[in-house]
1. Going through 196, 151 one at a time, which residue ends up being at pLDDT 95 or above, surrounded by fewer than 17 Cβ atoms within 10 Å (Cβ to Cβ) and of a type outside the set (Val, Ile, Thr)?
2. Are there any pairs with C-beta distances below 8 angstrom linking a residue in region 75-86 that is closer than 30 Å to residue 38 by Cα and at pLDDT 95 or above to a residue that is assigned to a strand (DSSP E or B) and of a type in the set (Ser, Thr, Tyr), with the two at least 6 apart or on different chains, and if so which?
3. So, in region 124-143, how many residues would count as being out of contact with any Ser or Thr (no Cβ under 8 Å at 6 or more places or on another chain) and buried (at least 17 other Cβ atoms within 10 Å of the Cβ)?
4. Any idea which of 162, 155, 118 is touching a residue at least 60 places away in the same chain (Cβ under 8 Å), touching a helix residue (DSSP H, G or I) at 6+ places or on another chain (Cβ under 9 Å) and over 13 Å from residue 18 (Cα atoms)?
5. Here are some conditions: (1) in contact (Cβ under 8 Å) with a residue 24 or more places away in the chain; (2) small (Gly, Ala, Ser); (3) under 14 Å from residue 71 (Cα atoms). Residue 39 meets all but one. Which one does it not meet?
6. Looking at (1) surrounded by fewer than 17 Cβ atoms within 10 Å (Cβ to Cβ); (2) more than 30 Å from residue 181 (Cβ to Cβ); (3) touching a Ser or Thr at 6+ places or on another chain (Cβ under 7 Å), which is the only condition residue 36 fails?
7. Of the conditions (1) farther than 28 Å from residue 38 by Cα; (2) of a type in the set (Lys, Arg); (3) surrounded by 13 or more Cβ atoms within 10 Å (Cβ to Cβ), residue 187 satisfies every one except a single condition; which number is it?
Amino acid sequence: MPDYALEQELGGIVCGIDEAGRGPWAGPVVAGAAVLDMARLPDDLCTGLDDSKKLTARRRDALFAALTAARDAGAVDFAIGTASVEEIDTVNILQATFRAMERAVAALARAPDHALIDGTGIPKGLPCPGRAVPKGDGLSLSIAAASIVAKVSRDRMMAALDETCPGYGFATHAGYGTAAHRAALERLGVTPHHRKSFAPIHKMLYGR
């Protein structure tokens, strides 16, 4: 389970950063940034935050609601940043993910003194020093909070896209390359919401 040891080691205002949506064939990539005030953080968040991939959708939604309530009470600060399909296709998914992370941090109420980033890369445009933490969403409470914020926010974006672009199943697979998604693409064609630089979509469009 994640804890607050890395944040305490750094001191000051520390934000955790994580992303959702690097792998899908469609939709934006979304990053979350989160700062926790452990002296005021509710017990259910202290013990319940974890890597979003380990949690059910229902549990993620409940924790997102708890984070929102804690933000309203001043115990948490969190924000999201996004990078569009067009940016992903222009600069590549890694650089687009870094842009989303930078935007999430910029949207926080206060600039952090340090950032803990899930993974092995550090965005160059952060306003503070950053530390890459492989599998950080299972180690750091702040990164775990950011992972939930990013995942829930992106899933809701894809559910909204499903309403305006029906037939592809975005609310179910969130743009990932499932068999049902591939079948829908073969039946309905590629949309402007699909990442044309990703090999399966590129092949459908250009045959190579």
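The values are calculated or read from the model by the stated rules, or taken from the named source; none is laboratory data. Just so it is clear, the structure is predicted and the values come from calculations on it, not from any experiment. Here the Cβ is made from the backbone with ideal geometry for all residues, glycine too, and neighbour counts use every protein chain on show.
1. Matching residue, one of 196, 151: 196.
2. From residues that are closer than 30 Å to residue 38 by Cα and at pLDDT 95 or above, there are no pairs.
3. So the count comes out to 9.
4. Result of the check over 162, 155, 118: 155.
5. (1) is the only condition that residue 39 fails.
6. Of (1) surrounded by fewer than 17 Cβ atoms within 10 Å (Cβ to Cβ); (2) more than 30 Å from residue 181 (Cβ to Cβ); (3) touching a Ser or Thr at 6+ places or on another chain (Cβ under 7 Å), only one is false for residue 36: (1).
7. Exception for residue 187: condition (3).
So that you can scan it fast, the table gives a plain yes or no per residue for (1) over 16 Å from the mean Cα position of the chain (by Cα); (2) within 12 Å of residue 50 (Cα to Cα):
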site	(1), (2)
120	no, no
124	yes, no
128	yes, no
143	no, yes
148	no, yes
153	no, no
156	no, no
167	yes, no
179	yes, no
